[in-house]
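Quick note: the coordinates plus some simple rules give every number you see, no bench work behind them. What you are looking at is a predicted structure, and each value in this text was computed from that prediction instead of being measured. Using ideal geometry, Cβ is built from the backbone for each residue, glycine included, and neighbour counts are taken over all protein chains shown.
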Amino acid sequence: MIDWKPNTAWEPVTSDREPDAASAYTDARSRCPVARTDVYGDIWVVLNQELVDEVALDTRTFSNVVPFFGVRRPPLESDPPEHTRYRRWLNPYFGKKRLDALEPRVRAAAVEMLDDVVHGGTIDFAAALSHPFPTRVLCMVLGVPDEDWKLINDWSTRVDRVGGQQAPGAEDRVAVGEELHPYMAKLIAQRRGNPQDDVVSGLVRAEIDGEPLAEDVIVGIVMLLISAGHNTTTGGIGNAVLRLARDKALQERLRADPSLIPAAVEEVLRLDAPQQAMRRIATRDVELGGRAIKAGEGVWPVFGSANLDQAAHEAPAEFRLDRGVNRHSAFGKGIHMCIGAPLARMEMRIVLEELLARTRSFETAGDVQRPEWPRMGVSRLPLHVTPA
Ligand code: HEM
């Protein structure tokens, strides 16, 4: 039996000695596509594309009912048929029509935040933009007033901090999960009286068997959206800007031809997947990749590793703008595939468009800090920026 130790394998990535994840997986994937690790208790990690797909698509055997913050947060921490109901309520708020309508506000927020810092000299891009910006955008989707976005950002920063290496349901995790409850309860009460075109209003209108959703359930969903949509998008934006900061030729190519930005976004997501892995729990004894997994054991599909599997992607370690359809799994696979993917793509594209348009060049100017596995992003990104 071969163990895979994320804390060891990932160390060159978190200490920024390796630019991306490729080296951390290649050897393990070829020797043990299903490995043991003790990073979150004793769990199995699934590293190659074929088996990641098997786990993600077989929701009966590999359940998502893993309460990570103590309370269950559907749709992520739910299985069908419950899951289907939640997706039906939420999907419309992440569809093209609403996102197109939102784009000017998202762009205006990006421009305002960039104009505050792009004056020449050195900035921490993580603190200035990649960390706070996704929270501000989530507030627009949820219906949280813009003047309150910093409050929500403080909360999600604390969620990030306790989220690190703590086990599901750990006391600190549960406590911080509860912190925003009174604020959200007030927002829900307001929307009950005066509905708008936002997620909270949509959830207030939703019904199960003719009964409205309980306040706790709505608060759980909203908190899931804030935490699921924040760290990940923060990572996506930070990883994209870091890559361009280190690759001047790529940076200049995208500045000269912004129509290439969407393809660059997909390659960043594939190579540096912000959420490297997700949780599942086996509902029965099952064999996977030659391993005997027991009912109740944790099984984590590692999407970030599948994205680098040469059996599924040509020259997987290369950054290529001409892949055509880029079938990466950075947003997951199957029924739990990320509901916020179109929003995240839009945010990444807008930040790159506006940053490239406002600068002549930017490069790293000091040590980059990265979070722990299974996240991949930047928690500190010092950039030297030369305005256009
Ligand atoms: C680059 C940014 C993002 C990445 C890499 C990402 C990644 C993922 C992944 C891998 C999953 C699959 C979970 C699983 O299989 O268990 C997922 C699900 C989910 N994501 Fe994202 N996400 C991003 C942005 C967002 C945003 C902006 C939101 C906005 C609210 C969001 C909300 C969700 C939700 C609610 C789920 C659960 C969906 C379900 O279970 O049906 N994510 N995300």
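What residue, of Gly210, Gly220, Gly235, is more than 25 Å from Glu354 (Cα to Cα) and in contact with a Lys or Arg (Cβ under 9 Å, 6 or more places away or on another chain)?
After ruling out the rest, the residue left standing is Gly220.
Can you spot a residue in segment 246-253 that is away from the ligand (no atom under 16 Å from the Cβ) and crowded, with 22+ Cβ neighbours inside 10 Å?
yes
Which residue, of Glu372, Glu347, Glu363, is away from the ligand (no atom under 12 Å from the Cβ), out of contact with any Asp or Glu (no Cβ under 6 Å at 6 or more places or on another chain) and more than 22 Å from Arg161 (Cβ to Cβ)?
Working: Glu372 fails: more than 22 Å from Arg161 (Cβ to Cβ); Glu347 fails: away from the ligand (no atom under 12 Å from the Cβ).
After ruling out the rest, the residue left standing is Glu363.
What residue, of Leu321, Leu308, is surrounded by fewer than 18 Cβ atoms within 10 Å (Cβ to Cβ), hydrophobic (A, V, I, L, M, F, W, C) and either without any contact (Cβ under 8 Å) to a residue 60 or more places away in the chain or part of a loop (DSSP other than H, G, I, E, B) (or both)?
It is Leu321.
How many residues are over 15 Å from Gly41 (Cα atoms) and touching a Pro at 6+ places or on another chain (Cβ under 7 Å) when one looks only at segment 278-294?
1
Considering segment 1-24 alone, what residues qualify as being under 23 Å from Pro382 (Cα atoms), exposed (fewer than 15 other Cβ atoms within 10 Å of the Cβ) and of a type in the set (Ser, Thr, Tyr)?
Listed by number, the list holds a single entry, Ser15.
If you check every pair at least six apart or on different chains, which have Cβ atoms under 6 Å apart with a residue in segment 221-232 that is among the hydrophobic types (A, V, I, L, M, F, W, C) first and a residue that is within 8 Å of the ligand (Cβ to nearest atom) second?
If the second residue must be within 8 Å of the ligand (Cβ to nearest atom), the pairs left are Leu224/Leu76; Ile226/Leu138.
Just give me the residues in segment 68-83 being in a helix (DSSP H, G or I) and without any contact (Cβ under 8 Å) to a residue 40 or more places away in the chain, in sequence order.
Glu82
So is Leu352 within 15 Å of the ligand (Cβ to nearest atom), over 30 Å from Pro74 (Cβ atoms), touching a helix residue (DSSP H, G or I) at 6+ places or on another chain (Cβ under 6 Å) and not small (Gly, Ala, Ser) or not?
Yes: the conditions hold for Leu352.
I'm trying to understand the selection: among the residues of segment 101-124, which are within 16 Å of the ligand (Cβ to nearest atom) and either more than 21 Å from the chain's Cα centre (by Cα) or surrounded by 18 or more Cβ atoms within 10 Å (Cβ to Cβ) (or both)?
Selection gives Arg105, Val106, Ala109, Ala110.
Arg87 - would you say it is of a type in the set (Lys, Arg) and either more than 19 Å from the chain's Cα centre (by Cα) or in a loop (DSSP other than H, G, I, E, B) (or both)? Step through it out loud before you land on a result.
Details: of a type in the set (Lys, Arg): yes; either more than 19 Å from the chain's Cα centre (by Cα) or in a loop (DSSP other than H, G, I, E, B) (or both): no.
Considered against the rule, which asks whether it is of a type in the set (Lys, Arg) and either more than 19 Å from the chain's Cα centre (by Cα) or in a loop (DSSP other than H, G, I, E, B) (or both), Arg87 comes out as no.
Can you pull out every residue in segment 26-58 that is within 16 Å of the ligand (Cβ to nearest atom), outside any strand (DSSP E or B) and under 15 Å from Gln276 (Cβ atoms)?
At the first step, the residues of segment 26-58 found to be within 16 Å of the ligand (Cβ to nearest atom) are 40, 43-47, 49, 51-58.
Filter once more, keeping what is outside any strand (DSSP E or B): 40, 47, 49, 51-58.
Residues satisfying the conditions are Tyr40, Leu47, Gln49, Val52, Val55, Ala56.
Could you tell me whether Ser329 is among the hydroxyl-bearing types (Ser, Thr, Tyr), surrounded by fewer than 20 Cβ atoms within 10 Å (Cβ to Cβ) and either part of a loop (DSSP other than H, G, I, E, B) or touching a Lys or Arg at 6+ places or on another chain (Cβ under 8 Å) (or both)?
no
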